[in-house]
Amino acid sequence: MVKWAVELSEYDIRYAPRPAIKAQILADFIAEGVTLETTPEGVWEVYVDGATSKHGAGKGVVVRTPTGVVHEIAIWFGALKTNNAAEYEAILAGMTAANDLGPRTIMVLSDSSLAVNQLNGAFDAKEDALAHYMERVKQRANAFEAVTYVQIPREENMHADALSKLATATDFESTRLVSVQKEEEETRQGLWSTPLKQHRTMTGEHRS
């Protein structure tokens, strides 16, 4: 958990995991911290990533509006057999989250070459499970006027990647609230320099 909290620190993410999330619960989760009087026009970017671990699978979703507002979601959802399935689950979660926020046009960005090429028709889905996922994605796409699927390098998807891995970093035996804050240089210096100065004064090592 600490490892992924460090990775997420640059994004100022406040993460509240939940044991089970369905479509309506996901909508309520987003609405808790979102107040939009109108839906910004333009293409909304939906960054997604899926991850698996011994604790289960996780989905990371980052929705960025045309006005620059960013919504982050990390979802734990139990065990999956393959990473490809986790990638598709993340795509579905991202589309659900975006739909709940109200845009008409979205761009789904993923570092999964297989999923993106299958959705764009370049690759066939030879496995029944992935073919089923493709159909679910196509059905969900009907909620929008236009959806495009774009493959991006992993280094451009680190935000969603960190969220997906954070979701898998715990077994969720108890509810946790992880607050990730940005530490300013002045604060860091104060935390270390003050005790050091006091120690030197007490030992007679302090010099003016």
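Numbers below:
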quantity	calculated
Test for residue 139: is it open to solvent by 40 Å² or more (accessible area, probe 1.4 Å) and either hydroxyl-bearing (Ser, Thr, Tyr) or over 24 Å from residue 52 (Cα atoms) (or both)	yes
Candidates 102, 121, 78, 58 - the one that is at pLDDT 90 or above and over 17 Å from residue 148 (Cβ atoms)	102
Enumeration of residues in the stretch 50-78 that are touching a His at 6+ places or on another chain (Cβ under 9 Å) and open to solvent by 30 Å² or more (accessible area, probe 1.4 Å)	64, 70, 72, 76
Any hit, the stretch 145-166, residues being open to solvent by 20 Å² or more (accessible area, probe 1.4 Å), small (Gly, Ala, Ser) and part of a loop (DSSP other than H, G, I, E, B)	no
Among the residues listed as 84, 120, the single one being loosely packed, with under 14 Cβ neighbours inside 10 Å and under 24 Å from residue 156 (Cα atoms)	120
Filter pass, residue 178 being of a type in the set (Val, Ile, Thr), within 22 Å of the chain's Cα centre (by Cα), surrounded by 18 or more Cβ atoms within 10 Å (Cβ to Cβ) and modelled with pLDDT of 95 or more	no
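The values are calculated or read from the model by the stated rules, or taken from the named source; none is laboratory data. No experiment lies behind these values; they were computed from the predicted model shown. Note: ideal-geometry Cβ built from the backbone for every residue, glycine included; neighbour counts use all protein chains shown. Calculation scope for accessible area: heavy atoms of the full protein, side chains included, ligands and nucleic acids excluded. Shrake-Rupley method; radii C 1.70, N 1.55, O 1.52, S 1.80 Å.
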